[in-house]
Each structure stands twice: as structure tokens, then as C-alpha cells.
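Below is one structure; the comments refer to it alone.
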Amino acid sequence: MENKLSRNLYMVPYVLWIVLFVIAPIFLVVYYSFFDIEGNLSFINYQKFFTPVYLKMTFSSFWYAFLITAISLLIAYPTALLLTKTKHKQLWLLLIIVPSWINLLLKAYAFLGIFGTYGVTNSFLEVIGIGAQQILFTDFSFVFVSVYIFIPFMILPIFNSLNELNPTLLDAANDLGASKWITFRRVIFPLTMDGVKSGCQVVFIPALSLFMLTRLIAGNRVITLGTAIEQHFLVTRDWGMGSTIAVFLIISMFLIMIVTGTRKRGV
Amino acid sequence: MTNGVIIQFNNVTKQYDNDPPVLKDVSFEIERGKFYTLLGPSGCGKTTILRLIAGFTEASEGEIFFNEKKINDIPANKRQVNTVFQDYALFPHLNVFENVAFGLRIKKLKNAEIEQKVREALSFVNLKGYETREIREMSGGQRQRVAIARAIVNEPEVILLDEPLSALDLKLRTEMQYELRELQRRLGITFIFVTHDQEEALAMSDEIFVIDKGKIQQSGTPTDIYDEPINRFVADFIGESNIVKGRMIADYRVEFVGKEFECVDQGLNENEPVEIVIRPEDMVITTLEHGKLQVRVDSQLFRGVHYEICCYDKDENEWLVHSTKKANVGDKIGLYFDAEAIHVMRHGETEEEFDRRLEAYTDVEPDGK
């Protein structure tokens, strides 16, 4: 009995945390989503969400999140593969991870300097004769900076799953006649799928609700659901609409988590 | 190079960076259709030989021939050999069928052909009906069989087995020894088996290479190696041995533990210091006066098949005796052995010199050992 009591006691912080910071906020978000801007109970927000304005915004959010995830994956996978083959792989990995410790806003401001009209990039373009370009406030700069920010989160899980791969399996594939490319396609990639999935998860979901970068780097040319929520809460004070968008964002996050849910196979 | 030779090593050395070489100037030939065992303690270089044949690593010096073609620079995926790995190295994301079919799919065979070959290979290793099982659902012994099926399905000319039985329990291991030997006979292809277990090597092989410190110490049939070990290492590693220092007095006369004995060795120098090996099972317990050696029984273990009796003579030399008869601890007994039981080893003798010496005996006494 005492054992059970102490176990329940240990559960208290966990339960408190879940209730206060997970269940209560979700409940509040859902609750607020049923009130219009005057504070009357209605479904107007949900109707509004299915108008072209918000659907387009949803689509562009997903599109940019997809782009960011895809590009991060394309860069991160070969990088992780290369890292596992280096001599001091943990050191190299650390060097890649360190920038992710720095606040996102600081990095965003740094890029303002780098990509700005009188920034380093433009000076360089001038020197090589291409001339200054509008880099900041474009789709390109938004995706570039986002990818830069998310890459460490993509590399880490892929690196870990590559690192755990039994090297004899590669010998075995080689022994059975597989070239390097076939070994990669039939053995390495399928066996590191879990890492790829969790990498995509930790990039796609936050990318879906990015909002500061859209203003700082993309100059509000890219309007995502994250931006819309921020605007509704802070500018138009339409908490109901903001909550409604958040509800859809939460639902899509759960869906993504289910789709990319890791099913561990093998020994 | 005769027609029967499938693999040949010519003065092969393998060295990593500036470490001492793992293999030193190794040369040997492997004949088609035989069961070979590379036997030695861990770190002796036996797995390195296997990896050189498979192509996972390159020789630092020397030449490796396969079917009379030099294969030093041929990558592993282009070689006509398949490996059964120590940890089996089965692909955890593929089921049994796909694991076995892996090599065939790479060769781009037709589906029907793959299906037929995989089924055949699986029934060869008694795994019919396991096609759709996941690897994690298989026991150690079953995984072992999948690994073997995956190798034989490609119909290689040589199969390399890297300590494949070491992870199995004793009973299963003995069973698999029979099965592997049987499988090799039925397939008629060359097996090269790596192990550190001398019993396994003696039971399964046509030919054993005993390896130590990156050199082949002795090669030959199991009986050759057991009965005529070339040096102290081989005598000690293969089976149990009583090894004492001795001195050759003249042909057929040898002296050890302060006594003179009749033996069957000749052609050595007079007074040459030698080492004497007598196998424990060649010693017979007898009365004190009939014994060639007089010893005191120190301890006794029951091993099932026989008693392992540990005795000491008056100079405190240890003598191990295997006997079906029980002895009494503390008793003084006599040990008798034939002249043939005494095996004389010269110091620093090479394999060629050793073989020549043994052949000389056969010339002298045609029906001798």
C-alpha cells in the first residue's frame, strides 16, 4: 500500500504539468474558438476559416513547411552520413548543434544584416559584378533562413540512427553483391527511416507555425497560420478567430504525428 | 597451381597503419570442395584472412588468387564468395524470404526464379514455411539458418563462415556442426570456417590451419594436427597435452624427467634439446613397478566420458591423465605409455622441415606412424 502511495506521490508533478500546461491550454483554445469578436457564442469563426482567405493561408503554411522540411532533409541526410564517417564525429556534430542554442530572433537579426541592402551578401555580389539584389523580404530568404535554423534538428536524429546502424549489415549487403548505391537504397535508408521520420516531425511541425521569421525575413510577404494567429491575438484582438486557427493547427499537428509515428522494426 | 586450387595466398601481409602486422607473409592454397577451418585464439589473424578473401579489406602486401585470377583489387560485391557473419547480419527491416532473396534481387533475376531458389534454399536449411517471418521473431539457431540460406542461395564457389556457431548454446552448436558438415557435403562447395573452438575444428574439417600471431603454425588434417603437433602452441591449443622439456640422446632414444625412454623419432642431432608431448589419453594407469613414470594423484575430475586425473611426479611436473578408470586421490601410481605416444618437437622448426622429418620416418619404417 505504501508503495502505491509513494508512486502516486511521484505522479503529482507530472499530472500537474499535463493538466496545467497541456490539457488546460488546449481546452481554453477550443473554448475561445466558439466566441465571435463581440464575445457571443457562435460558429462564425469556423465558417470564416473555410473562406478562401484562410484556406489560402493554410495552404501556403503547409507549402512552406513542406519546402523547409524537404530542403532540410536533402541537406541534412548527406551531412549526417558524412559526419558518421569522420574521425571525430562527435566534435563535428557538436559544431553543427551549437548554433541551435542561440536564440532564434538573434539569428534572424543577424540575417537582416547579412542579407540587407548594404549587407555582406550584396557587397559581395557587387564585387563579382552581379550587382546588389533584393534578397531580404523574398520567398528565397525566408526558406533559406528557416532551413538554416531547422537543419540541426534534422541532422541530430538522422545522425543518431546512422550511428546505431550495425556496420556488419553494410558488409553483408556488399558481400551479397550490392554496390554502394544499392546498399544505401536497400539497407541504409530503410534502416534509418525512423531518424528521417522524427527529423521531419521536429522540423515540419514548428515550421507550420513559424511567425517571427515571416515578418523579419519575409517582410510579411509570406503569411502563414502562425502569423495569422499572432495578428489576431495582438493586433485585431479577435481571440476567437485566433483560437480557431490554433485548433486547426493543433489538429494537423496530431495528424502529422500519427502519420510519421515511429513503428520500430527489427532487432 | 593445380586445377583443384580455388584460392591461393602468396606472401600476404596485412598491416594497419604502423601497428605490428596482423598477418605476416602468409601463403597457402585452398582446394575446391573441401571443408577448411582457420583455427586460432582471438586476435590471431584468422578473421583477417576471411575478410581478405571476402574483399572487405585489402592486403598490404602479397597476392591473392581466386580461380587463378588475381583478386586483390576486385571489390567484395564482385567476388564469387558469400559470408555467414558471426552476428548473422540479417537485415532487420526485411522478412526471412526477402533476406534470402537479397542477393538474387540484386542480380535482377525473374520473380518466379527468385521464389523457387529461395524456397529451395530455405528447405535446405530446414526452414520451410518460415518465409514471411520477421527476423526478430526467429531464435538464434533459426537466424543462423537464415544466414546460411542467404549465402548458399547465390550458389557461390566458396562460403566463408566467421565463427557462426559461437553465439549458440552447446547442444544447438553440436547439432549445427553436424548440419554444416552435412550441408557442405551435399553442396560440394568449399567452406572456410573460422573458429577458436578446437573441438569444432577437429569435428568438422577436412583440413585445419592453426594460426597464431599472424602466421599459420601448422596445416593438415585433424588427425595429423592432433597426433603430430609441430610446436608447443599447437600441442597446447589443440586438445590437452603434457608438455615437458627433454633431450634427444640418439635416434629412437630420448631423455626427459631424468629418465631415458624409447621413442620413434630419429634424424635429430645428438643431445639436441627438444620438447616432449604426451596426450593424456595415451597414458595408462598401472601399478608403480609397471609404470614408466611414478606419480602421486593430486586431484580428479569426472568429465562424463572419462576421469581427468591430475598427477605430480617427484620433480613436481604435472601429468594429466584421461582414464575411464577411477583413481584415488593421494595414491602413488605408475603411468605407462607406448613409444609411439611420445611425440618429439624441435625448437623453431618450420612446417616444411617438420613435414620432411615426418616423411623420413615413413621411409624408414613403412608401416610406422
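Please treat every number below as a calculation from the coordinates, not as lab data. This one's a predicted model, so the numbers in the text were calculated from it and none came from an experiment. Heads up, the Cβs are rebuilt from the backbone with ideal geometry, glycines too, and the neighbour counts pull from every protein chain shown.
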- Query: Any chance segment A:145-167 includes a residue that's within 14 Å of chain B (Cβ to nearest Cβ), assigned to a helix (DSSP H, G or I) and without any contact (Cβ under 8 Å) to a residue 24 or more places away in the chain?
  - Reply: yes
- Query: Is there a residue being more than 30 Å from A:THR58 (Cα to Cα) and within 14 Å of chain B (Cβ to nearest Cβ) anywhere in segment A:191-200?
  - Reply: yes
- Of the numbered conditions (1) among the basic types (Lys, Arg); (2) free of Cβ contacts under 8 Å to residues at least 12 places away in the same chain; (3) more than 30 Å from B:GLN80 (Cα to Cα), A:ARG185 fails exactly one; give the number of that condition. (3)
- Item | Conditions (1) under 30 Å from B:GLY103 (Cβ atoms); (2) in contact (Cβ under 8 Å) with a residue 12 or more places away in the chain; number of the one not met by A:ALA178 | (2)
- Within segment A:68-103, can you find the residues that are free of Cβ contacts under 8 Å to residues at least 24 places away in the same chain and closer than 23 Å to A:LYS197 by Cβ? A:ALA70, A:LEU74, A:PRO78, A:LEU82, A:LYS85
- Query: In this structure, is B:GLN86 under 19 Å from B:LEU160 (Cα atoms), crowded, with 17+ Cβ neighbours inside 10 Å, within 14 Å of chain A (Cβ to nearest Cβ) and in contact (Cβ under 8 Å) with a residue 12 or more places away in the chain?
  - Reply: yes
- Counting only strands (runs of 3 or more DSSP E) entirely within segment B:225-309, those with at least 3 residues that are touching a residue at least 40 places away in the same chain (Cβ under 8 Å) and over 12 Å from B:ILE342 (Cβ atoms) are B:284-286
- Matching entry among B:LEU104, B:LEU109 (being within 14 Å of chain A (Cβ to nearest Cβ), over 15 Å from B:ILE148 (Cβ atoms), surrounded by 18 or more Cβ atoms within 10 Å (Cβ to Cβ) and more than 28 Å from the chain's Cα centre (by Cα)): B:LEU104
